[in-house]
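Q: The structure under discussion is supplied below as structure tokens; questions concerning it will follow.
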Amino acid sequence: MLTIYHVPGTRGVRPIWLCEELQIPYSVVPVDFTPEFRASSEWRAMNPVGKVPVLRDELGGESEDLLMFESGAMVQYILDRYGNSRLQPATGSPEHALYLQWSWFAEATFARPLGEIVNHGREFPGEQRIDAVVTEMQARAALSAKALGDEMSDKTFILGETFSAADIMLGYTLMLADRFLSNGLPDSVIPYWQRLTSRPAYQKAVS
Ligand SMILES: N[C@@H](CCC(=O)N[C@@H](CS)C(=O)NCC(=O)O)C(=O)O
């Protein structure tokens, strides 16, 4: 049984959305997102840097529960263990290489400047906020949004016609971009964003 420790609107949306797409059982445990709780030894034992989400998999039998942080790693684990080859191309294929490329792009390249914009708004209010950093991160995030829009000019989903978990990885990043890009999502991305947000599994994950 999978349990996702989650704060609404944060990266736990990714494993929840995936479980909904795969129609596998899971439960959600709400997490107190205050800095105090995230700094507590109780939470640091679950996530050593005090972030969300965390995934627990009760493996049963003699096995200890598996505890994981990093939402992209959770998505890959759930797919590999419970996905029955769904929502990802065959491992080692060129298609899988592109699936990995876009999944990593979503978190390592596109979400990173967006995360800094969020942090400067939330953690460093007032005079501690460095406006030059926010401006630079806006430009970096906008460049990633444009790159994604260029890629999506003739595609339904990031790998072509078929929806995959790379779309889930990108979908959460687009949620952030939609909220925090100062000029909003580029027109080239909007049809893709609308296709993602119209999926019932996405809607369940954000409800
Ligand atoms: N790469 C990590 C990022 C986790 C992350 O930044 N989570 C955010 C919420 S979406 C958070 O906990 N932020 C609080 C903080 O950075 O202090 C993942 O994908 O799980």
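The values are calculated or read from the model by the stated rules, or taken from the named source; none is laboratory data. The shown structure was predicted, so the numbers you read here are calculated from the model rather than taken from an experiment. Neighbour counts are summed over all protein chains in view; Cβ atoms, including those assigned to glycine, are modelled from backbone coordinates with ideal geometry. The area values use the complete protein model at the heavy-atom level, side chains included, leaving out ligands, DNA and RNA. Shrake-Rupley method; radii C 1.70, N 1.55, O 1.52, S 1.80 Å.
Q: Residues of segment 1-28 being β-branched (Val, Ile, Thr), closer than 19 Å to residue 65 by Cα and either within 15 Å of the ligand (Cβ to nearest atom) or outside any strand (DSSP E or B) (or both), which ones? So that I can check it myself, show each step before the final result.
A: Applying the first criterion (β-branched (Val, Ile, Thr)) to segment 1-28 yields 3-4, 7, 10, 13, 16, 24, 28.
Right, trim to closer than 19 Å to residue 65 by Cα and you get 3-4, 16, 24, 28.
Once the filter is applied, which keeps residues that are β-branched (Val, Ile, Thr), closer than 19 Å to residue 65 by Cα and either within 15 Å of the ligand (Cβ to nearest atom) or outside any strand (DSSP E or B) (or both), segment 1-28 yields 4, 16, 24, 28.
Q: Just need a number here: residues in segment 53-67 that are aliphatic (A, V, I, L, M), open to solvent by less than 40 Å² (accessible area, probe 1.4 Å) and assigned to a loop (DSSP other than H, G, I, E, B).
A: Of segment 53-67, the ones aliphatic (A, V, I, L, M) are 54-55, 59, 66-67.
Cutting the leftovers down to open to solvent by less than 40 Å² (accessible area, probe 1.4 Å) gives us 54-55.
Now drop any that are not assigned to a loop (DSSP other than H, G, I, E, B), which leaves none.
Selection size over segment 53-67: 0.
Q: A follow-up question, please. State the number of residues belonging to segment 68-83 that are in a helix (DSSP H, G or I) and within 15 Å of the ligand (Cβ to nearest atom).
A: To start, the set of residues in segment 68-83 that are in a helix (DSSP H, G or I) comprises 71-82.
Keeping just the survivors that are within 15 Å of the ligand (Cβ to nearest atom) gives 71-78.
So the count comes out to 8.
Q: Does segment 119-135 contain any residue that is surrounded by fewer than 20 Cβ atoms within 10 Å (Cβ to Cβ), more than 26 Å from residue 74 (Cβ to Cβ) and of a type in the set (S, T, N, Q)?
A: yes
Q: Evaluate the following for residue 61: is it within 11 Å of the ligand (Cβ to nearest atom) and free of Cβ contacts under 8 Å to residues at least 40 places away in the same chain?
A: On the way: within 11 Å of the ligand (Cβ to nearest atom): no; free of Cβ contacts under 8 Å to residues at least 40 places away in the same chain: yes.
It is false that residue 61 is within 11 Å of the ligand (Cβ to nearest atom) and free of Cβ contacts under 8 Å to residues at least 40 places away in the same chain.
Q: Within segment 173-207, how many residues turn out to be over 16 Å from residue 143 (Cβ atoms) and not charged (D, E, K, R)?
A: 16
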